[in-house]
Amino acid sequence: MDAAVSLFNRLGIAEANAAVARGDGSWTRGHGGFASINPALGQPLATVGRADRDDLDELIGRARQAFPTWRDRPAPQRGLLVRDIAEALREHKDELGTLICLEVGKLKAEGNAEVQEMIDIADFAVGLSRQFHGLTLPSERPQHRMEERWHPRGVVGVITAFNFPAAVWAWNAFIAAVCGDVVVWKPSPHAPLTAIAIQNLVDPICVAHGVTGLFSLAISDDPARGAQLAADPRLDLLSFTGSSRVGGQVAATVAAHYGHCLLECSGNNAVIVDASADLELALPAILFGAIGTAGQRCTSTRRLFLHRACHDEVVARLTAAYAHLRVGDPLQPDTLVGPLIDEAARGAFVAAVAGARNAGGRVLHGGRTLPGPGCFVEPTLIAAENRWPVVQRETFAPILYVMPPFEDLADAIRDQNDVPQGLSSALFTRDLRHAELFLAAAGSDCGIANVNLGTSGAEIGGAFGGEKATGGGREAGSDAWKAYMRRQTCTVNWGDTLPLAQNLHFDLPPH
Ligand code: UN1
(Lines give C-alpha, C1' and ligand atoms only; values in the text may rest on other atoms or scores of the structure.)
Protein backbone atom coordinates (compact mmCIF):
# COMPACT_ATOMS: atom_id res chain seq x y z
CA MET A 1 0.00 0.00 0.00
CA ASP A 2 1.15 3.49 -0.81
CA ALA A 3 2.72 5.12 2.29
CA ALA A 4 0.39 8.13 2.17
CA VAL A 5 -2.69 5.89 1.92
CA SER A 6 -1.66 3.83 4.94
CA LEU A 7 -0.93 7.05 6.88
CA PHE A 8 -4.39 8.33 5.96
CA ASN A 9 -5.96 5.06 7.07
CA ARG A 10 -4.32 5.28 10.46
CA LEU A 11 -5.53 8.86 10.91
CA GLY A 12 -9.05 8.12 9.70
CA ILE A 13 -8.80 10.11 6.47
CA ALA A 14 -10.61 8.87 3.38
CA GLU A 15 -10.40 9.88 -0.26
CA ALA A 16 -13.55 11.95 0.28
CA ASN A 17 -14.21 13.30 3.75
CA ALA A 18 -17.09 14.93 5.59
CA ALA A 19 -16.65 18.56 6.59
CA VAL A 20 -18.63 18.87 9.79
CA ALA A 21 -17.87 17.05 13.04
CA ARG A 22 -20.31 17.41 15.90
CA GLY A 23 -17.87 16.37 18.58
CA ASP A 24 -19.64 13.12 19.38
CA GLY A 25 -17.97 10.99 16.74
CA SER A 26 -20.56 11.83 14.09
CA TRP A 27 -19.86 13.68 10.84
CA THR A 28 -21.97 15.27 8.13
CA ARG A 29 -21.62 17.17 4.85
CA GLY A 30 -19.57 14.68 2.90
CA HIS A 31 -20.02 15.88 -0.66
CA GLY A 32 -19.63 18.82 -2.96
CA GLY A 33 -16.50 20.25 -1.47
CA PHE A 34 -12.92 20.95 -2.38
CA ALA A 35 -9.52 19.29 -2.44
CA SER A 36 -6.64 19.61 -0.04
CA ILE A 37 -3.55 20.17 -2.16
CA ASN A 38 -0.02 19.05 -1.33
CA PRO A 39 1.89 22.29 -1.98
CA ALA A 40 5.15 20.47 -2.66
CA LEU A 41 3.62 18.49 -5.53
CA GLY A 42 0.65 20.62 -6.51
CA GLN A 43 -1.47 17.47 -6.30
CA PRO A 44 -4.66 16.76 -4.39
CA LEU A 45 -4.34 14.63 -1.26
CA ALA A 46 -8.06 14.06 -0.63
CA THR A 47 -11.34 15.95 -0.87
CA VAL A 48 -13.50 17.41 1.87
CA GLY A 49 -17.10 18.62 1.88
CA ARG A 50 -17.96 22.24 2.52
CA ALA A 51 -19.83 23.32 5.66
CA ASP A 52 -22.63 25.71 4.73
CA ARG A 53 -24.37 28.41 6.75
CA ASP A 54 -26.90 26.01 8.25
CA ASP A 55 -24.22 23.49 9.23
CA LEU A 56 -22.29 26.09 11.16
CA ASP A 57 -25.44 27.54 12.64
CA GLU A 58 -26.43 24.11 13.93
CA LEU A 59 -22.95 23.46 15.28
CA ILE A 60 -22.98 26.68 17.29
CA GLY A 61 -26.42 25.75 18.65
CA ARG A 62 -25.09 22.37 19.73
CA ALA A 63 -22.08 24.00 21.32
CA ARG A 64 -24.36 26.25 23.35
CA GLN A 65 -26.22 23.19 24.54
CA ALA A 66 -23.03 21.35 25.43
CA PHE A 67 -21.60 24.25 27.41
CA PRO A 68 -23.54 24.05 30.73
CA THR A 69 -22.69 20.38 31.23
CA TRP A 70 -19.01 20.87 30.51
CA ARG A 71 -18.93 24.07 32.57
CA ASP A 72 -20.23 22.23 35.60
CA ARG A 73 -17.57 19.54 35.48
CA PRO A 74 -14.84 20.39 38.01
CA ALA A 75 -11.80 21.94 36.35
CA PRO A 76 -9.30 19.24 37.44
CA GLN A 77 -11.58 16.64 35.83
CA ARG A 78 -11.62 18.70 32.68
CA GLY A 79 -7.85 18.47 32.85
CA LEU A 80 -7.99 14.68 32.88
CA LEU A 81 -9.62 14.68 29.47
CA VAL A 82 -6.90 16.94 28.07
CA ARG A 83 -4.30 14.67 29.68
CA ASP A 84 -5.65 11.73 27.68
CA ILE A 85 -5.50 13.82 24.52
CA ALA A 86 -1.84 14.59 25.27
CA GLU A 87 -1.18 10.85 25.51
CA ALA A 88 -2.91 10.19 22.18
CA LEU A 89 -0.86 12.96 20.58
CA ARG A 90 2.33 11.40 21.91
CA GLU A 91 1.33 8.10 20.32
CA HIS A 92 0.48 9.71 16.98
CA LYS A 93 3.17 12.36 16.89
CA ASP A 94 5.08 10.93 13.97
CA GLU A 95 2.11 10.33 11.69
CA LEU A 96 0.36 13.60 12.52
CA GLY A 97 3.68 15.39 11.96
CA THR A 98 3.94 13.79 8.53
CA LEU A 99 0.37 14.72 7.63
CA ILE A 100 1.09 18.36 8.49
CA CYS A 101 4.10 18.23 6.15
CA LEU A 102 2.07 16.72 3.33
CA GLU A 103 -0.69 19.25 3.69
CA VAL A 104 1.15 22.54 4.29
CA GLY A 105 4.67 21.74 3.08
CA LYS A 106 6.56 21.99 6.38
CA LEU A 107 9.77 20.07 6.89
CA LYS A 108 9.33 16.77 8.72
CA ALA A 109 11.18 18.13 11.75
CA GLU A 110 8.87 21.16 11.78
CA GLY A 111 5.77 18.99 11.46
CA ASN A 112 6.86 16.89 14.43
CA ALA A 113 7.77 20.03 16.40
CA GLU A 114 4.29 21.32 15.77
CA VAL A 115 2.76 18.19 17.31
CA GLN A 116 5.20 18.57 20.21
CA GLU A 117 3.86 22.10 20.65
CA MET A 118 0.37 20.58 20.96
CA ILE A 119 1.62 18.11 23.57
CA ASP A 120 3.37 20.89 25.48
CA ILE A 121 0.26 23.07 25.65
CA ALA A 122 -1.84 20.06 26.64
CA ASP A 123 0.53 19.33 29.54
CA PHE A 124 0.43 22.99 30.48
CA ALA A 125 -3.39 22.98 30.38
CA VAL A 126 -3.55 19.89 32.60
CA GLY A 127 -1.49 21.62 35.29
CA LEU A 128 -3.47 24.80 34.83
CA SER A 129 -6.72 22.92 35.45
CA ARG A 130 -5.81 22.94 39.16
CA GLN A 131 -4.72 26.54 39.27
CA PHE A 132 -7.57 28.83 38.31
CA HIS A 133 -7.02 30.91 41.39
CA GLY A 134 -8.55 34.31 41.93
CA LEU A 135 -7.49 37.10 44.26
CA THR A 136 -8.79 37.87 47.70
CA LEU A 137 -8.97 41.64 48.05
CA PRO A 138 -9.26 43.80 51.16
CA SER A 139 -12.69 45.36 51.48
CA GLU A 140 -12.94 48.93 52.79
CA ARG A 141 -16.12 47.93 54.65
CA PRO A 142 -16.09 46.10 57.97
CA GLN A 143 -17.17 42.46 57.97
CA HIS A 144 -17.05 42.31 54.20
CA ARG A 145 -15.04 39.96 52.07
CA MET A 146 -14.10 40.69 48.46
CA GLU A 147 -12.74 38.21 45.97
CA GLU A 148 -12.26 37.69 42.28
CA ARG A 149 -13.60 34.53 40.70
CA TRP A 150 -13.02 33.18 37.22
CA HIS A 151 -15.91 31.45 35.48
CA PRO A 152 -16.01 29.65 32.15
CA ARG A 153 -16.82 32.05 29.33
CA GLY A 154 -18.93 29.82 27.08
CA VAL A 155 -18.57 28.99 23.40
CA VAL A 156 -15.20 29.78 21.86
CA GLY A 157 -14.80 29.98 18.09
CA VAL A 158 -11.32 29.25 16.80
CA ILE A 159 -10.23 30.26 13.31
CA THR A 160 -6.77 28.98 12.47
CA ALA A 161 -4.32 29.64 9.66
CA PHE A 162 -2.54 27.13 7.43
CA ASN A 163 0.93 27.75 8.81
CA PHE A 164 0.28 26.24 12.24
CA PRO A 165 -2.72 24.11 11.36
CA ALA A 166 -2.59 22.04 14.55
CA ALA A 167 -0.67 23.86 17.30
CA VAL A 168 -2.68 27.08 17.24
CA TRP A 169 -5.92 25.12 17.58
CA ALA A 170 -4.35 23.27 20.51
CA TRP A 171 -3.24 26.52 22.21
CA ASN A 172 -6.83 27.70 22.10
CA ALA A 173 -8.77 24.47 22.43
CA PHE A 174 -6.89 22.92 25.36
CA ILE A 175 -6.80 26.11 27.41
CA ALA A 176 -10.47 26.80 26.59
CA ALA A 177 -11.40 23.24 27.53
CA VAL A 178 -9.80 23.30 30.97
CA CYS A 179 -11.37 26.74 31.48
CA GLY A 180 -14.78 25.07 31.00
CA ASP A 181 -15.51 26.41 27.51
CA VAL A 182 -16.57 24.47 24.44
CA VAL A 183 -14.85 25.02 21.10
CA VAL A 184 -16.04 25.36 17.51
CA TRP A 185 -13.14 25.17 15.07
CA LYS A 186 -12.91 26.54 11.55
CA PRO A 187 -9.51 25.47 10.22
CA SER A 188 -7.71 26.89 7.23
CA PRO A 189 -9.02 25.48 3.93
CA HIS A 190 -5.39 24.64 3.17
CA ALA A 191 -5.26 22.17 6.06
CA PRO A 192 -8.60 20.38 6.40
CA LEU A 193 -7.08 16.90 6.66
CA THR A 194 -4.97 17.86 9.67
CA ALA A 195 -8.14 19.08 11.35
CA ILE A 196 -9.98 15.86 10.49
CA ALA A 197 -7.12 13.74 11.87
CA ILE A 198 -7.15 15.75 15.10
CA GLN A 199 -10.92 15.47 15.40
CA ASN A 200 -10.63 11.70 14.93
CA LEU A 201 -8.06 11.61 17.71
CA VAL A 202 -10.05 13.62 20.25
CA ASP A 203 -13.56 12.26 19.55
CA PRO A 204 -13.11 8.81 21.17
CA ILE A 205 -11.42 10.40 24.17
CA CYS A 206 -14.35 12.78 24.67
CA VAL A 207 -16.80 9.90 24.31
CA ALA A 208 -14.82 7.86 26.86
CA HIS A 209 -15.10 10.80 29.26
CA GLY A 210 -18.84 11.02 28.65
CA VAL A 211 -18.55 14.39 26.92
CA THR A 212 -20.14 15.40 23.63
CA GLY A 213 -19.84 18.62 21.67
CA LEU A 214 -16.74 19.86 23.47
CA PHE A 215 -14.66 20.05 20.29
CA SER A 216 -16.54 20.49 17.04
CA LEU A 217 -15.35 21.28 13.55
CA ALA A 218 -16.65 23.03 10.45
CA ILE A 219 -14.49 22.94 7.33
CA SER A 220 -15.07 25.30 4.43
CA ASP A 221 -13.11 27.21 1.83
CA ASP A 222 -15.77 29.93 1.83
CA PRO A 223 -14.63 33.04 3.77
CA ALA A 224 -18.31 33.63 4.60
CA ARG A 225 -18.05 30.94 7.29
CA GLY A 226 -15.41 32.92 9.16
CA ALA A 227 -17.51 36.05 8.87
CA GLN A 228 -20.49 34.05 10.15
CA LEU A 229 -18.56 33.01 13.25
CA ALA A 230 -17.58 36.63 13.90
CA ALA A 231 -21.17 37.85 13.55
CA ASP A 232 -22.83 35.21 15.73
CA PRO A 233 -23.59 36.59 19.21
CA ARG A 234 -23.84 33.05 20.59
CA LEU A 235 -20.04 32.96 20.54
CA ASP A 236 -18.55 34.33 23.74
CA LEU A 237 -15.02 34.53 22.38
CA LEU A 238 -13.59 34.34 18.89
CA SER A 239 -9.92 33.56 18.54
CA PHE A 240 -8.66 34.52 15.12
CA THR A 241 -5.25 33.84 13.58
CA GLY A 242 -4.56 35.38 10.18
CA SER A 243 -3.82 38.63 8.41
CA SER A 244 -4.22 42.04 10.05
CA ARG A 245 -6.59 42.99 7.24
CA VAL A 246 -9.06 40.21 8.01
CA GLY A 247 -8.39 40.49 11.76
CA GLY A 248 -9.51 44.11 11.70
CA GLN A 249 -12.80 43.11 10.05
CA VAL A 250 -13.29 40.29 12.56
CA ALA A 251 -12.70 42.66 15.47
CA ALA A 252 -15.23 45.19 14.15
CA THR A 253 -17.87 42.51 13.58
CA VAL A 254 -17.36 40.98 17.01
CA ALA A 255 -17.42 44.40 18.69
CA ALA A 256 -20.82 45.12 17.14
CA HIS A 257 -22.38 42.42 19.34
CA TYR A 258 -20.17 43.18 22.35
CA GLY A 259 -18.37 39.88 21.94
CA HIS A 260 -14.75 39.23 22.80
CA CYS A 261 -12.07 38.45 20.34
CA LEU A 262 -8.49 37.38 20.57
CA LEU A 263 -6.42 38.37 17.57
CA GLU A 264 -3.11 36.92 16.47
CA CYS A 265 -2.44 38.73 13.20
CA SER A 266 0.46 39.73 11.02
CA GLY A 267 4.00 40.21 12.25
CA ASN A 268 6.89 42.07 10.65
CA ASN A 269 9.64 40.90 12.91
CA ALA A 270 13.16 42.23 13.03
CA VAL A 271 16.53 41.07 14.28
CA ILE A 272 18.98 43.74 15.38
CA VAL A 273 22.66 42.76 15.48
CA ASP A 274 24.71 45.02 17.72
CA ALA A 275 28.43 45.77 17.37
CA SER A 276 29.24 43.43 20.25
CA ALA A 277 27.05 40.53 19.06
CA ASP A 278 28.21 36.94 19.03
CA LEU A 279 27.80 36.23 15.32
CA GLU A 280 27.96 32.48 15.90
CA LEU A 281 24.59 32.87 17.61
CA ALA A 282 23.19 35.57 15.41
CA LEU A 283 23.77 33.92 12.02
CA PRO A 284 21.95 30.61 12.60
CA ALA A 285 19.16 32.47 14.43
CA ILE A 286 18.67 34.84 11.49
CA LEU A 287 18.71 31.95 9.03
CA PHE A 288 16.19 29.88 10.96
CA GLY A 289 14.00 32.92 11.50
CA ALA A 290 14.04 33.97 7.85
CA ILE A 291 13.79 30.66 6.01
CA GLY A 292 12.24 28.31 8.62
CA THR A 293 8.77 27.17 7.49
CA ALA A 294 9.67 28.94 4.21
CA GLY A 295 9.16 32.31 5.90
CA GLN A 296 5.53 31.46 6.64
CA ARG A 297 5.52 31.85 10.42
CA CYS A 298 3.89 34.86 12.04
CA THR A 299 7.19 35.09 13.88
CA SER A 300 9.46 34.79 10.81
CA THR A 301 12.33 37.24 10.62
CA ARG A 302 11.59 39.73 7.86
CA ARG A 303 13.88 42.68 8.62
CA LEU A 304 17.52 42.80 9.61
CA PHE A 305 19.26 45.76 11.25
CA LEU A 306 23.05 45.41 11.34
CA HIS A 307 25.52 47.63 13.15
CA ARG A 308 28.12 49.18 10.90
CA ALA A 309 30.84 47.18 12.67
CA CYS A 310 29.39 43.82 11.57
CA HIS A 311 27.19 44.76 8.60
CA ASP A 312 29.49 43.65 5.81
CA GLU A 313 30.57 40.44 7.53
CA VAL A 314 27.00 39.37 8.33
CA VAL A 315 25.80 40.13 4.82
CA ALA A 316 28.73 38.21 3.31
CA ARG A 317 28.22 35.21 5.56
CA LEU A 318 24.45 35.20 5.07
CA THR A 319 24.77 35.44 1.29
CA ALA A 320 27.21 32.52 1.36
CA ALA A 321 24.86 30.48 3.54
CA TYR A 322 21.87 31.24 1.30
CA ALA A 323 23.79 29.82 -1.65
CA HIS A 324 23.82 26.41 0.05
CA LEU A 325 20.21 26.18 1.20
CA ARG A 326 18.46 23.13 -0.19
CA VAL A 327 14.98 23.97 -1.43
CA GLY A 328 12.68 21.09 -2.23
CA ASP A 329 10.73 18.12 -0.95
CA PRO A 330 9.97 18.89 2.70
CA LEU A 331 10.01 15.20 3.60
CA GLN A 332 13.65 14.80 2.52
CA PRO A 333 15.90 15.11 5.59
CA ASP A 334 18.42 17.43 3.91
CA THR A 335 15.81 19.95 2.74
CA LEU A 336 15.81 23.27 4.59
CA VAL A 337 13.21 25.21 2.62
CA GLY A 338 9.89 23.72 1.57
CA PRO A 339 7.22 25.18 -0.72
CA LEU A 340 4.94 28.15 -0.22
CA ILE A 341 1.35 27.20 0.45
CA ASP A 342 -0.13 28.04 -2.97
CA GLU A 343 0.16 29.98 -6.19
CA ALA A 344 -1.29 33.09 -4.58
CA ALA A 345 1.54 33.03 -2.03
CA ARG A 346 4.04 32.66 -4.86
CA GLY A 347 2.39 35.62 -6.55
CA ALA A 348 2.76 37.67 -3.36
CA PHE A 349 6.45 36.73 -3.27
CA VAL A 350 6.93 37.86 -6.88
CA ALA A 351 5.07 41.11 -6.18
CA ALA A 352 7.15 41.82 -3.07
CA VAL A 353 10.45 41.26 -4.88
CA ALA A 354 9.28 43.51 -7.72
CA GLY A 355 8.09 46.13 -5.22
CA ALA A 356 11.43 46.14 -3.46
CA ARG A 357 13.31 46.38 -6.76
CA ASN A 358 11.15 49.27 -7.91
CA ALA A 359 11.80 51.10 -4.66
CA GLY A 360 15.54 50.79 -5.31
CA GLY A 361 16.23 47.51 -3.51
CA ARG A 362 19.21 45.35 -4.42
CA VAL A 363 18.62 41.59 -4.49
CA LEU A 364 21.61 40.06 -2.71
CA HIS A 365 20.41 36.51 -3.21
CA GLY A 366 17.45 34.75 -4.80
CA GLY A 367 14.43 36.68 -5.94
CA ARG A 368 13.11 34.09 -8.40
CA THR A 369 10.44 31.45 -8.35
CA LEU A 370 11.52 27.87 -8.99
CA PRO A 371 9.95 25.56 -11.56
CA GLY A 372 7.09 23.36 -10.39
CA PRO A 373 5.44 21.14 -9.59
CA GLY A 374 4.90 22.81 -6.27
CA CYS A 375 5.08 26.43 -5.20
CA PHE A 376 8.79 26.84 -4.61
CA VAL A 377 10.71 30.12 -4.49
CA GLU A 378 14.31 31.04 -3.84
CA PRO A 379 15.08 32.16 -0.31
CA THR A 380 15.73 35.85 -0.85
CA LEU A 381 17.89 38.56 0.66
CA ILE A 382 17.25 42.17 -0.38
CA ALA A 383 19.07 45.33 0.66
CA ALA A 384 16.17 47.64 1.44
CA GLU A 385 14.91 50.54 3.53
CA ASN A 386 12.48 50.27 6.37
CA ARG A 387 10.11 52.97 5.18
CA TRP A 388 9.37 51.36 1.80
CA PRO A 389 5.74 50.21 1.59
CA VAL A 390 6.81 46.69 0.65
CA VAL A 391 8.97 46.46 3.77
CA GLN A 392 6.18 47.80 5.95
CA ARG A 393 3.94 44.90 4.85
CA GLU A 394 4.06 41.28 5.92
CA THR A 395 4.72 39.01 2.94
CA PHE A 396 4.41 35.36 3.94
CA ALA A 397 7.52 34.20 2.08
CA PRO A 398 11.24 33.70 2.72
CA ILE A 399 12.28 37.29 2.00
CA LEU A 400 14.66 39.00 4.39
CA TYR A 401 15.14 42.76 4.00
CA VAL A 402 18.58 43.97 5.07
CA MET A 403 18.59 47.59 6.22
CA PRO A 404 21.40 50.08 5.76
CA PRO A 405 23.95 49.82 8.60
CA PHE A 406 23.18 51.64 11.86
CA GLU A 407 25.52 53.41 14.29
CA ASP A 408 23.36 53.93 17.32
CA LEU A 409 21.20 51.16 18.79
CA ALA A 410 18.46 53.64 19.70
CA ASP A 411 18.04 54.41 15.98
CA ALA A 412 17.78 50.73 15.12
CA ILE A 413 15.17 50.16 17.83
CA ARG A 414 13.19 53.18 16.60
CA ASP A 415 13.21 51.86 13.04
CA GLN A 416 12.41 48.33 14.17
CA ASN A 417 9.31 49.71 15.90
CA ASP A 418 8.40 51.86 12.92
CA VAL A 419 6.05 49.36 11.23
CA PRO A 420 2.32 48.78 11.71
CA GLN A 421 2.85 45.33 13.28
CA GLY A 422 4.28 44.41 16.70
CA LEU A 423 4.69 40.67 17.18
CA SER A 424 8.27 39.52 17.70
CA SER A 425 11.72 41.10 17.92
CA ALA A 426 15.28 40.11 18.75
CA LEU A 427 18.54 41.78 19.65
CA PHE A 428 21.96 40.15 19.53
CA THR A 429 24.39 41.84 21.88
CA ARG A 430 26.93 41.23 24.61
CA ASP A 431 26.36 44.68 26.05
CA LEU A 432 24.19 44.48 29.15
CA ARG A 433 23.08 48.09 28.85
CA HIS A 434 21.98 47.57 25.26
CA ALA A 435 20.07 44.43 26.19
CA GLU A 436 18.27 46.29 28.97
CA LEU A 437 17.49 49.24 26.70
CA PHE A 438 15.94 46.85 24.18
CA LEU A 439 13.75 45.25 26.86
CA ALA A 440 12.81 48.52 28.58
CA ALA A 441 9.61 50.49 27.98
CA ALA A 442 11.47 52.66 25.48
CA GLY A 443 12.80 49.56 23.71
CA SER A 444 11.04 47.03 21.51
CA ASP A 445 7.30 47.64 21.22
CA CYS A 446 6.54 44.02 20.37
CA GLY A 447 4.70 41.36 22.33
CA ILE A 448 7.81 39.19 22.16
CA ALA A 449 11.32 40.57 22.73
CA ASN A 450 14.32 38.23 22.76
CA VAL A 451 17.98 38.77 23.53
CA ASN A 452 20.52 36.51 21.83
CA LEU A 453 17.92 34.28 20.23
CA GLY A 454 15.81 34.69 17.12
CA THR A 455 12.28 35.97 16.56
CA SER A 456 10.54 32.64 15.93
CA GLY A 457 10.12 29.36 17.74
CA ALA A 458 8.55 30.65 20.94
CA GLU A 459 7.91 28.25 23.83
CA ILE A 460 4.29 27.67 24.84
CA GLY A 461 4.94 28.68 28.47
CA GLY A 462 4.93 32.38 27.68
CA ALA A 463 1.98 34.42 26.50
CA PHE A 464 2.11 34.53 22.69
CA GLY A 465 0.92 37.52 20.67
CA GLY A 466 1.70 41.09 19.78
CA GLU A 467 0.71 44.71 19.72
CA LYS A 468 -0.56 47.22 17.15
CA ALA A 469 -1.79 45.59 13.93
CA THR A 470 -0.82 42.19 15.32
CA GLY A 471 -4.03 42.57 17.28
CA GLY A 472 -3.13 42.62 20.97
CA GLY A 473 -4.26 39.08 21.76
CA ARG A 474 -2.31 36.66 23.94
CA GLU A 475 -2.55 32.91 23.60
CA ALA A 476 -0.86 29.83 25.05
CA GLY A 477 0.97 30.13 28.38
CA SER A 478 1.37 32.52 31.31
CA ASP A 479 -2.04 33.95 32.26
CA ALA A 480 -3.41 33.89 28.69
CA TRP A 481 -6.14 31.60 30.11
CA LYS A 482 -7.86 34.67 31.54
CA ALA A 483 -9.13 35.57 28.05
CA TYR A 484 -11.08 32.30 28.03
CA MET A 485 -12.86 33.03 31.31
CA ARG A 486 -15.03 35.78 32.67
CA ARG A 487 -13.94 37.63 35.77
CA GLN A 488 -16.38 38.23 38.55
CA THR A 489 -15.79 40.55 41.49
CA CYS A 490 -17.66 39.09 44.45
CA THR A 491 -18.29 40.93 47.72
CA VAL A 492 -19.91 39.21 50.69
CA ASN A 493 -21.24 41.10 53.70
CA TRP A 494 -21.08 38.80 56.70
CA GLY A 495 -22.04 41.51 59.25
CA ASP A 496 -25.44 42.74 60.34
CA THR A 497 -25.21 46.31 59.06
CA LEU A 498 -25.14 47.66 55.52
CA PRO A 499 -22.24 50.12 55.25
CA LEU A 500 -21.90 51.69 51.82
CA ALA A 501 -18.62 52.10 49.98
CA GLN A 502 -17.00 55.52 49.69
CA ASN A 503 -18.36 56.19 53.19
CA LEU A 504 -21.66 57.20 51.63
CA HIS A 505 -24.58 57.64 54.00
CA PHE A 506 -27.98 57.09 52.55
CA ASP A 507 -30.50 57.30 55.31
CA LEU A 508 -33.83 55.93 54.28
CA PRO A 509 -36.88 57.51 55.86
CA PRO A 510 -38.42 55.39 58.61
CA HIS A 511 -41.20 53.18 57.35
C1 UN1 B 1 2.32 31.35 14.14
O2 UN1 B 1 3.12 31.55 13.25
O3 UN1 B 1 1.10 31.63 13.98
O4 UN1 B 1 6.85 31.00 17.81
C5 UN1 B 1 2.64 30.70 15.42
C6 UN1 B 1 6.69 30.27 16.82
C7 UN1 B 1 5.74 29.11 16.96
C8 UN1 B 1 4.34 29.57 16.80
C9 UN1 B 1 4.09 30.43 15.60
N10 UN1 B 1 5.91 28.52 18.25
O11 UN1 B 1 7.31 30.43 15.79
- Message: Restricting to the stretch 448-458, name every residue that is more than 10 Å from the ligand (Cβ to nearest atom) and either charged (D, E, K, R) or buried (at least 21 other Cβ atoms within 10 Å of the Cβ) (or both).
- Response: 450
- Message: Quick check on the stretch 121-136. Is at least one of its residues surrounded by fewer than 24 Cβ atoms within 10 Å (Cβ to Cβ), in a strand (DSSP E or B), over 17 Å from the mean Cα position of the chain (by Cα) and free of Cβ contacts under 8 Å to residues at least 24 places away in the same chain?
- Response: yes
- Might you check whether a residue that is touching a Phe, Trp or Tyr at 6+ places or on another chain (Cβ under 8 Å), of a type outside the set (A, V, I, L, M) and more than 12 Å from the ligand (Cβ to nearest atom) occurs anywhere in the stretch 488-495? yes
- Among 362, 302, the single one that is out of contact with any Pro (no Cβ under 9 Å at 6 or more places or on another chain), within 16 Å of the ligand (Cβ to nearest atom) and among the basic types (Lys, Arg) is 302
- Message: Going residue by residue through the stretch 152-159, is there one that turns out to be within 20 Å of residue 201 (Cα to Cα), within 15 Å of the ligand (Cβ to nearest atom) and assigned by TED's automatic domain parsing to the domain that holds residue 74?
- Response: yes
- Message: I need the full set of residues from the stretch 39-60 which are within 18 Å of residue 345 (Cβ to Cβ), touching a residue at least 24 places away in the same chain (Cβ under 8 Å) and surrounded by fewer than 21 Cβ atoms within 10 Å (Cβ to Cβ), in order please.
- Response: 41, 42, 43, 45
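Yes/no matrix, rows are residues, columns are (1) assigned to a loop (DSSP other than H, G, I, E, B); (2) surrounded by 24 or more Cβ atoms within 10 Å (Cβ to Cβ):
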site	(1), (2)
139	yes, no
142	yes, no
147	no, no
150	no, no
163	yes, yes
170	no, yes
183	no, yes
- Message: Taking the conditions exactly as written (surrounded by 15 or more Cβ atoms within 10 Å (Cβ to Cβ), within 16 Å of the ligand (Cβ to nearest atom) and within 30 Å of residue 463 (Cα to Cα)), does residue 340 satisfy them or not?
- Response: yes
- Reported set for the stretch 457-507 where residues are in contact with a helix residue (DSSP H, G or I) (Cβ under 6 Å, 6 or more places away or on another chain) and without any contact (Cβ under 8 Å) to a residue 60 or more places away in the chain is 463
- Message: I'd like the full set of residues that are under 26 Å from residue 389 (Cβ atoms) and either part of a strand (DSSP E or B) or at pLDDT below 95 (or both), limited to the stretch 357-377.
- Response: 362, 363, 364, 365, 369, 377
- Query: Going by the structure shown, is residue 282 away from the ligand (no atom under 16 Å from the Cβ) and assigned by TED's automatic domain parsing to the domain that holds residue 364?
  - Reply: yes
- Task: Go through the residues of the stretch 416-427 one by one and say whether even a single one is farther than 20 Å from residue 291 by Cβ and either free of Cβ contacts under 8 Å to residues at least 24 places away in the same chain or within 12 Å of the ligand (Cβ to nearest atom) (or both).
- Result: no
- residue 266 surrounded by fewer than 24 Cβ atoms within 10 Å (Cβ to Cβ) and within 16 Å of the ligand (Cβ to nearest atom): no
- Flag if residue 81 is under 23 Å from residue 332 (Cα atoms), away from the ligand (no atom under 16 Å from the Cβ) and in contact (Cβ under 8 Å) with a residue 12 or more places away in the chain: no
- Message: Can you pull out every residue in the stretch 344-371 that is touching a strand residue (DSSP E or B) at 6+ places or on another chain (Cβ under 7 Å), among the aliphatic types (A, V, I, L, M) and surrounded by fewer than 21 Cβ atoms within 10 Å (Cβ to Cβ)?
- Response: 350, 363, 364, 370
- Taking the stretch 410-433 as the region of interest, how many residues are assigned to a helix (DSSP H, G or I) and either charged (D, E, K, R) or surrounded by 22 or more Cβ atoms within 10 Å (Cβ to Cβ) (or both)? 7
- If you take the residues in the stretch 459-480 that are part of a loop (DSSP other than H, G, I, E, B) and surrounded by fewer than 22 Cβ atoms within 10 Å (Cβ to Cβ), which one is nearest to the ligand (Cβ to nearest atom)? 459
- Message: Among the numbered criteria (1) without any contact (Cβ under 8 Å) to a residue 24 or more places away in the chain; (2) surrounded by 15 or more Cβ atoms within 10 Å (Cβ to Cβ); (3) not small (Gly, Ala, Ser); (4) not in a helix (DSSP H, G or I), which one does residue 112 miss?
- Response: (4)
- Note on the structure: How many residues of the stretch 409-457 are of a type in the set (S, T, N, Q) and either closer than 12 Å to residue 268 by Cα or assigned by TED's automatic domain parsing to the domain that holds residue 475 (or both)? The answer is 7
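The values are calculated or read from the model by the stated rules, or taken from the named source; none is laboratory data. Just so you know, these numbers come straight off a predicted model, no measurement behind them. Methodologically, a virtual Cβ is constructed for each residue, glycine included, from the backbone with ideal geometry; neighbour enumeration extends over all protein chains shown.
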